[in-house]
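What follows is a single structure, written as structure tokens, with notes after it.
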């Protein structure tokens with residue numbers, strides 16, 4: 001399948017004057033400064049046309065003679081499962097603009113970071129004096145790994161082993177939609193299932209739409225007969241993403257959401273005789289929320305450049321059963337500071353605050369895979385959490401592409417990481433300055449492949465006990 005972009009881009013992108021094809025291939029655009037690189041386009045690798053590990057730097061060198069040329073055509077080739085329009089709409093480089101190194105650098109990294117392609121290559125050829133044709137060549141990842149169920153195994157040193165399956169249809173209908181169905185069980189303690197669907201360009205417009213639904217059941221009662229816990233819950237929700245800027249490199253989004261939840265829980269409640277006792281109650285909740293997001297990451301799976309920051313709020317109000325309401329606030333910032341090709345420091349700060357008629361099962365803990373890795377204290381609970389991370393990420397393998405008979409192109413890349421986590425937990429923001437921060441150190445390996453977007457194997461310790469091991473699939477960093 002091939003596609004030629006049609007129609008001029010309404011807003012041409014000005015570029016500095018550079019030599020035209022046939023002249024010196026010297027690159028003239030100045031490198032981005034640290035601050036601009038931190039908040040702007042990123043760098044990650046794409047593959048050369050011969051399958052070698054070329055990288056974004058080589059792509060930029062190959063296209064250097066064409067910088068400043070007007071792009072009269074963009075051609076997409078090699079795509080068999082992804083619609084060409086779904087590729088072109090994600091590119092900051094548009095027809096009618098001038099070929100710009102910063103945008104090429106961003107697009108080469110971003111397209112590969114979508115997780116749909118085993119290879120992404122950008123090339124150009126002269127079409128007229130001062131004009132060029134941009135060629136985007138991709139190889140779709142094998143359908144075997146993009147639309148078939150696969151087993152899931154996670155391990156957490158606190159919670160133990162969980163297992164199940166996930167059926168995730170990535171790039172559904174070739175339109176970058178994601179459809180998933182999953183079921184997870186943790187030994188004989190708890191089980192859950194979920195469904196989700198998302199479309200980043202709903203109805204062909206730059207509006208995100210997502211729906212999800214799920215169910216949870218705890219089979220084992222807590223050892224403490226007075227402990228509050230959720231026995232069962234069923235929920236369904238919808239979320240929308242509305243862009244607040246037209247810039248694809250530095251995106252700003254507003255994301256309102258609405259959800260309904262039916263919950264069966266054990267609570268400590270007055271018994272009508274002046275004493276407190278446990279009772280199982282059923283409640284229905286309406287959840288409303290919103291989030292503001294800024295995102296300039298080089299890709300969405302394993303970024304080495306850019307930043308993402310979020311401010312969010314969610315309010316839950318009971319509409320049936322015991323009357324309650326509570327609010328969750330959150331803020332987070334992840335900053336990727338490149339220190340070389342595919343090497344970067346990651347600085348992350350996250351905070352969560354919970355207020356209202358909270359059941360104790362909503363009290364937060366400190367420690368775990370998405371938190372202060374390697375720290376554990378079951379007796380420590382709070383409603384205000386502040387966590388910071390300094391992490392180093394470096395690519396040591398790939399991307400490498402292998403041809404598997406009857407399957408297709410299989411790509412793999414691996415990063416190693418070293419990290420320092422610190423965090424504190426308290427009941428009030430006013431106590432943050434006097435609270436105790438707990439810190440851990442650790443290292444890990446990240447595996448990027450069609451099997452899962454990213455698999456993380458991490459070992460961490462606070463220096464006082466046995467190191468904690470985590471095996472998870474996620475993109476926290």
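Between the stretch 237-280 and the stretch 173-220, what's the alpha-carbon centroid distance in Å? Each part's Cα centre sits 16 Å from the other's. Our estimate of slack between residue 427 and residue 476, defined as 0.36 nm per intervening residue step minus the Cα-Cα distance, is 15.1 nm. Working ranking of peptides 293-304, 266-277 by packing, defined as the average number of other Cβ atoms within 10 Å per residue, highest first, is 293-304, 266-277. Between helix 101-112 and the chain there is an angle of about 50 degrees, using the helix long axis and the longest principal axis of the Cα atoms.
Counting neighbouring Cβ atoms within 10 Å and putting the fewest first, the residues 402, 410 line up as 402, 410.
With kT/(6 pi eta Rh) evaluated at 20 °C and eta = 1.002 mPa s, and Rh the Kirkwood radius from Cα pairs, the stretch 363-477 diffuses with a coefficient of 136 µm²/s according to Stokes-Einstein.
Potential lengthening of the chain between residue 437 and residue 300 amounts to 46.3 nm, from the contour at 0.36 nm per residue minus the alpha-carbon distance.
To the nearest 500 deg cm²/dmol, what mean residue ellipticity at 222 nm is calculated for the chain from DSSP H runs of n ≥ 4 alone, each contributing -39,500 (n - 2.57), summed and divided by the residues?
-2000 deg cm²/dmol
For 404, 457, the sequence from fewest to most other C-beta atoms within 10 Å is 404, 457. Taking 7 Å steps out from each Cα toward its Cβ at residue 252 and residue 193 produces label points 4.3 nm apart. All C-alpha pair distances within the stretch 132-228, sorted into 10 Å bins from zero, spread as 13, 30, 28, 17, 8, 3, 1, 0 percent across the bins. FRET efficiency for the residue 412 to residue 224 pair, using the beta carbon distance and R₀ = 51 Å, is estimated at 0.65.
Among (i) -0.22, -0.42, -0.83; (ii) -0.19, -0.37, -0.76; (iii) -0.31, -0.55, -0.95, which one is log10 I(q)/I(0) by the Debye sum over Cα atoms at q = 0.05, 0.07, 0.10 Å⁻¹ computed from these coordinates? So the calculated entry is the one marked (i). Based on the Cβ-Cβ distance from residue 156 to residue 445, what FRET efficiency comes out when R0 is 22 Å, to the nearest 0.05? Computed FRET efficiency for residue 156 and residue 445 comes out at 0.85. Between residue 457 and residue 232, the modelled label-to-label distance comes to 4.0 nm, taking each label 7 Å out from Cα in the direction of the beta carbon. Once you reduce the stretch 301-317 and the stretch 85-109 to the center of their Cα atoms, the two points are 24 Å from each other. Per residue, the average separation of C-alpha pairs within less than 8 Å and at least 6 apart gives the chain a relative contact order of 12 percent.
Every number here is computed from the coordinates shown, using simple stated rules; none is lab data. All figures in this text were calculated on a predicted structure; none of them were measured in a lab. Because the Cβ atoms are built from the backbone with ideal geometry, glycine has one as well, and the counts that use them run over all protein chains shown.
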